[in-house]
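All remarks here apply to the structure that follows.
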Amino acid sequence: MNYTLSFTSHALFRMAQRNLSLADVMFVVTNGTRYWRAGALHLVLLFKDIPKHEQRQFARLEGTVVLLDREGEEVRTVYRGNARQISKRIRCKTKLDLKKGRAYAPQEMMAEY
């Protein structure tokens, strides 16, 4: 999959704080588990998402979360945590977009599932 992403200044600041490169973020975006929650797309990199031939190189990214906007075109923020706790915390979030009061997922993004 080819992605064209833009980054908010907040996301770039957080990437610098957490020592994540653009290549690291793109790896999470292409390989991470997707969760639609709270009107945004959360991409979580779990150990099972890392291809076997790249585990040595990218194991340090396990538990990294990339938060995209509702269209999946802009990176809002990036953070890290324990992979199990992070994915559970994200799954517990509401599926609703509170601004719209309903579930939201663009149809072209849902076709990937």
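The values are calculated or read from the model by the stated rules, or taken from the named source; none is laboratory data. Remember, predicted model here, so these are calculated numbers, not experimental data. Cβ coordinates were reconstructed from backbone atoms using ideal geometry, including for glycine residues, and neighbour counts include every protein chain displayed.
Of all residues in segment 31-52, those that are touching a residue at least 60 places away in the same chain (Cβ under 8 Å) have Cβ atoms under 9 Å from Cβ atoms of residues that are part of a strand (DSSP E or B) and of a type in the set (Val, Ile, Thr), 6 or more apart or on another chain, in Arg34/Val44; Leu41/Val66.
What residue, among those in segment 11-44 that are touching a strand residue (DSSP E or B) at 6+ places or on another chain (Cβ under 9 Å) and assigned to a loop (DSSP other than H, G, I, E, B), is surrounded by the fewest Cβ atoms within 10 Å (Cβ to Cβ)? So, considering only residues that are touching a strand residue (DSSP E or B) at 6+ places or on another chain (Cβ under 9 Å) and assigned to a loop (DSSP other than H, G, I, E, B), the one surrounded by the fewest Cβ atoms within 10 Å (Cβ to Cβ) is Arg18. Within segment 1-10, being surrounded by 13 or more Cβ atoms within 10 Å (Cβ to Cβ) and either free of Cβ contacts under 8 Å to residues at least 60 places away in the same chain or out of contact with any Ser or Thr (no Cβ under 8 Å at 6 or more places or on another chain) (or both) holds for Leu5, Phe7. Taken over segment 1-50, the criterion of being within 12 Å of Thr64 (Cβ to Cβ) and aliphatic (A, V, I, L, M) is satisfied by Met15, Leu20, Val25, Met26, Val28, Val29, Leu43, Val44, Leu45, Leu46, Ile50. Going residue by residue through segment 73-86, is there one that turns out to be touching a strand residue (DSSP E or B) at 6+ places or on another chain (Cβ under 8 Å), part of a helix (DSSP H, G or I) and modelled with pLDDT under 90? Yes, because at least one residue in segment 73-86 is touching a strand residue (DSSP E or B) at 6+ places or on another chain (Cβ under 8 Å), part of a helix (DSSP H, G or I) and modelled with pLDDT under 90.
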